[in-house]
Amino acid sequence: MNFKKWILAVVGCLIVLGALATWKIMDIRASIATAKAYPEQSETVETATVTLAQFTPTISVIGEIVAPQRLDLRNEIAGVITAVNFRSGDKVRASQLLIQMDVTVEKANLEAAKAKAELAQQVHGRIQKLVEAKVATPDELDKSQAELRSAQAEITALERTIDKKTLRAPFNARAGLHNFEVGQYLPANTQVTSLIGETPNMWVDFQMPQFYPQLVAGTEVSLVSIGNDKATIGVKASVIAENTVLNANNRSRSYRASIANDLQRFIPYTVVQLAVPTAAAQTLLQVPTMSVLNDTLGQYVFVLRNDGSGKGLRAARQQIQVKLMEADRALIEAGSALKSGDTVAAAGAFKLYQGILVKTRDRNPPDSKSSDAGAVKTDPVSR
């Protein structure tokens, strides 16, 4: 009797379990059917195309602007100023009179010396004729010739003294400051002004540590900064000379580069920052900075590829090695599975994961004035 009760209890339990299992299976099938009725989860991102870029490794060094023509104008002989023919900051022409000192005495002596030389010339001519007629001796001829040369030398000395008291510009230049007036006594070796030549080029002097490759003539360097003048950033200078010896204090090589000064915007002795190449240019891959993601495994991007089923693009994680990261672009070592022409996720890439369905949008759609939608277009840039 008890045996039959146990059998009935077991059968009842089995019936209940079967009913529950049937209900659960039907519920799962219903859930699957419901899930199939909804579209697959996807994320929308902006895209960019991987391009090639030329990259030149550089180091940053400090340089100094140097004027090819610069002169501190000084007087060799003391005197009283009789004329000042330029103002501070004026542009002066070559041979233009700048400072005239009193040469009244020298001019008077010059007139006397010229008269003396003229008389000596006449006397020398007469004695020369007398010697030919054998009336005068050769000694008298030599004496007259010496007196003539002495008179001519005196003229040259006086003319040179007048020149030394007449200060002229040796080349086209811009004058510096001065405080001289007519009637002022000017001691010998006084600095009158500084002249900076108006040349089409200026020089940039800089030094490179000796362990970097030696620069050859024609190598281009770039100005990274010069004060607050943003217009000079990126201006190129070309190396024209190298010092023949190393600097014994810091073991560096000194170089001189030439830079165009067409707008006369470079001032001598200005300190500038230069980007100097340290190796040959390399071809790297370029993507927008926002495409590069990081985790414990390193840096990576999501490459967008067609899944082959017609559903669209899917994200595929691709490890990369970043060579240089800038504000708007990242340069990637070539040789990885990533290649030029691949499509990668840009804005919104952080939302993706391996295999997710991806939808894309343009950064600048034709019907929108918004500036933050559209495909990222990058062009190769030389650094």
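Yes/no matrix, rows are residues, columns are (1) modelled with pLDDT under 85; (2) within 60 Å of the chain's Cα centre (by Cα):
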position	(1), (2)
Lys4	yes, no
Ala21	yes, no
Lys24	yes, no
Tyr38	yes, yes
Val50	no, yes
Gly63	no, yes
Arg70	no, yes
Can you confirm whether region 244-255 contains a residue that is closer than 21 Å to Ile65 by Cα and of a type in the set (Gly, Ala, Ser)? yes
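Could you list, in sequence order, all residues of region 94-113 that are assigned to a helix (DSSP H, G or I) and surrounded by 16 or more Cβ atoms within 10 Å (Cβ to Cβ)? Give the steps one after another, and end with the answer.
Restricting attention to region 94-113, the residues satisfying the condition of being assigned to a helix (DSSP H, G or I) are 104-113.
Passing the criteria: Glu106, Asn109, Leu110, Ala113.
Could you pull out the residue among Ser291, Ser254, Ser309, Ser258 that is of a type in the set (Ser, Thr, Tyr) and touching a helix residue (DSSP H, G or I) at 6+ places or on another chain (Cβ under 6 Å)?
Working: Ser254 fails: touching a helix residue (DSSP H, G or I) at 6+ places or on another chain (Cβ under 6 Å); Ser309 fails: touching a helix residue (DSSP H, G or I) at 6+ places or on another chain (Cβ under 6 Å); Ser258 fails: touching a helix residue (DSSP H, G or I) at 6+ places or on another chain (Cβ under 6 Å).
That would be Ser291, the only listed residue that is of a type in the set (Ser, Thr, Tyr) and touching a helix residue (DSSP H, G or I) at 6+ places or on another chain (Cβ under 6 Å).
Within region 194-280, considering only strands (runs of 3 or more DSSP E) that don't extend past its boundaries, which have at least 2 residues that are surrounded by 18 or more Cβ atoms within 10 Å (Cβ to Cβ) and in contact with a Lys or Arg (Cβ under 6 Å, 6 or more places away or on another chain)? Spell out how you get there, then give the answer.
On the way: elements: 201-209, 220-225, 236-242, 252-260, 271-277.
Ranges flagged: 201-209.
Evaluate the following for Gln41: is it touching a residue at least 12 places away in the same chain (Cβ under 8 Å) and exposed (fewer than 10 other Cβ atoms within 10 Å of the Cβ)? Don't jump to the end; show me each part of the working.
Details: touching a residue at least 12 places away in the same chain (Cβ under 8 Å): yes; exposed (fewer than 10 other Cβ atoms within 10 Å of the Cβ): yes.
Yes; evaluated as a whole, the condition is true for this residue.
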Spot the failing condition for Val131; the list is (1) closer than 30 Å to Ile65 by Cβ; (2) touching a Pro at 6+ places or on another chain (Cβ under 7 Å), and only one is missed. (1)
Long-range neighbours under 8 Å by Cβ, at least six apart or interchain, first residue under 19 Å from Ala67 (Cα atoms) within region 186-197, second small (Gly, Ala, Ser) and surrounded by fewer than 13 Cβ atoms within 10 Å (Cβ to Cβ): Thr193/Ser88
Of the conditions (1) modelled with pLDDT of 90 or more; (2) not in a strand (DSSP E or B), the single one that Ser144 does not satisfy is (1)
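The values are calculated or read from the model by the stated rules, or taken from the named source; none is laboratory data. All of these numbers come straight from a predicted model, not from anything done at the bench. With ideal geometry, Cβ positions are generated from the backbone for all residues, glycine too; neighbour counts draw on all protein chains shown.
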